[in-house]
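Contents: one structure, followed by commentary.
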Amino acid sequence: AVKPFATGVAKDLASLATPITIIYSGLGSCVGISYVTSTPAKMTGNGLYWDTGTSALVSCTTSDSTGGTGDTVDIGVSDVYATSCAAQLGGSVTLGTGMHDYHGPVQTMTFVVPGGSTGASSKSMISAEAAYMVFGFGGLSHTVAPWDTSTYIHARKPDSGTRQMAGHFLDTGSGPAEKWKATEEANSGAVVTKVDADRLAGFGEKSIGLLSTGDADVNRASATPLKILALQFRGQDCAYLPDSSSSKFDKLNVRDGHYPIWGHLHMYTNEYGTNANVQTVIDYLTGSVKPTGFDLIKTEASKGVVPDCAMMVDHKEAKDGSTLKSYAPAHACGCKFETEAAAGTVPASCTACTAADFTKDLAECPAAKPYCNYKFCEAK
């Protein structure tokens, strides 16, 4: 799920005056956590990195110049808390010595159906109860029309953070992801391909998939169009999209708590403070340090994730599936994020300012939003 964002950040980091090269291997969130349950862990097989010469993401083979079995993993990345992967990791999770969980931008998981004009689904929403039945039973013993056949119900494998996160929210925190009866796909790209194949084969009405917004957003108006379903969660009277409308990318309903299936990107490492590159990456992605060589919030807005500074809610407990509470970031960036998500169009509710970041600017800003953050007036 993190691949679209990881690709964008890899490009940004490679463009710095002192470049940092990210070698990324997307094997699933629980696999990412498994690499940091021992010290040190090694990565073998193929990886991806941003080639500044060709301006493209290219493949490489990981190796160890000292004759070992692979390259040492610096950061284990996951869409979910390590505890959510307990069933995938032998029933419990013991992180390696000194490993710490650093929280990056927010990722959102969505239910998608075929879009477009030919063979598209007529459905526009799903309830949490229906989603639980559809993915949990796959039409085998309990059915929800029209998603009543497992062949057309597509999800990642149980070690996927996309699946684990949705499972923990749909089952009030206990997470039935291992018991789902959906057709399992190898990666997010395969989910996109299969949902569109259902459309082309005339089964668009029966087809449904689970994807992160990073993967779903880029396919809303593509040659293989997808439609994100609004979700009516438990206790809600209405169904909500992640965004304020189907034509926007502002993630407003995620940020204010109306759309609940989301979580921070987790980055596990024991090298913060001992590895300068690791510390830089963690500082940038957690938002504790503002990058000077690129616009991180712009990258986040274009890749379907939300920086912590644009959030208005947080989870009450440190686990997937937790209920929400009000949240005020140290330096809010809601207007900056919404402007970037709208390709530079400033929302009517936002006021521009010229003062230095994170300082009061009462000359340009109203009393209710006195701070000039990222050239916009914010409350804090």
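Can you tell me which of 44-50, 263-269, 356-362 comes out highest on packing, and rank the rest after it, using the mean Cβ neighbours within 10 Å? Intermediate values should be presented prior to the final figure.
On the way: 44-50: 15.7, 263-269: 23.4, 356-362: 12.6.
Per-residue Cβ counts within 10 Å, averaged per peptide and sorted highest first, yield 263-269, 44-50, 356-362.
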Only Cα pairs under 8 Å and at least 6 apart count here; give the relative contact order of the chain as a rounded whole percent. 18
Sorted by chain and number, the residues with a modelled amide H under 5 Å from that of Lys227, at a separation of 5 or more or across chains, are Val113, Gly115
Per residue, accessible area of the chain with a 1.4 Å probe, heavy atoms of protein chains only, in Å², comes to 43
Quick one: work out the % antiparallel among DSSP beta bridges in the stretch 105-227, nearest 5. 60
Environment charge at Leu57 (Cβ cut-off 10 Å; Lys +1, Arg +1, Asp -1, Glu -1): +1
Let me make sure I get this right: for the stretch 311-380, a, b and c are the square roots of the gyration tensor eigenvalues over alpha carbons, sorted descending. Under 1.5 in a/c it's rounded, otherwise prolate if a/b > b/c, else oblate. Which is it? prolate
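Take each of the peptides 117-123, 299-305, 254-260, average the number of other beta-carbon atoms within 10 Å over its residues, and list them starting from the highest. If you can, show how the numbers build up before the last one.
Details: 117-123: 14.4, 299-305: 24.7, 254-260: 21.6.
Result, highest mean Cβ count within 10 Å first: 299-305, 254-260, 117-123.
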Count the lysine pairs in the stretch 320-380 that are 8 or more places apart or on different chains: how many have C-alpha atoms under 21 angstrom apart? 9
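Relative contact order of the stretch 234-317, please, whole-number percent, based on alpha carbon pairs below 8 angstrom and at least 6 residues apart. Please list the in-between numbers first.
Working: 54 pairs, mean separation 21.4, N = 84.
Rounded, it is 25 percent for the stretch 234-317.
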³J(HN,Hα) across the stretch 308-323 via Karplus (A = 6.51, B = -1.76, C = 1.60, θ = phi - 60°), whole Hz, x for Gly/Pro? 4, 5, 9, 8, 10, 9, 9, 7, 5, 10, 7, 7, 6, x, 5, 6
Please report the net charge: other residues with Cβ closer than 15 Å to the Cβ of Phe5, K and R +1, D and E -1. -3
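When DSSP beta bridges are limited to those with both residues in the chain, what percentage is antiparallel, rounded to the nearest 5?
Working: 38 of 46 bridges.
That works out to approximately 85 percent antiparallel.
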Yeah, the stretch 124-259 with a ≥ b ≥ c from its alpha-carbon gyration tensor (a/c under 1.5 is rounded, else prolate when a/b outruns b/c, oblate otherwise) is rounded
Expressed as a percent, the accessible surface of the chain that is carbon or sulfur, using a 1.4 Å probe and the full set of protein chains, is 53
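The values are calculated or read from the model by the stated rules, or taken from the named source; none is laboratory data. Owing to the predicted nature of the structure, the values given are computational and were not obtained by experimental measurement. So basically every Cβ, Gly included, is an ideal-geometry build from the backbone, and we count neighbours across all protein chains shown. SASA here: full protein model, heavy atoms, side chains in, ligands and nucleic acids out. Shrake-Rupley method; radii C 1.70, N 1.55, O 1.52, S 1.80 Å.
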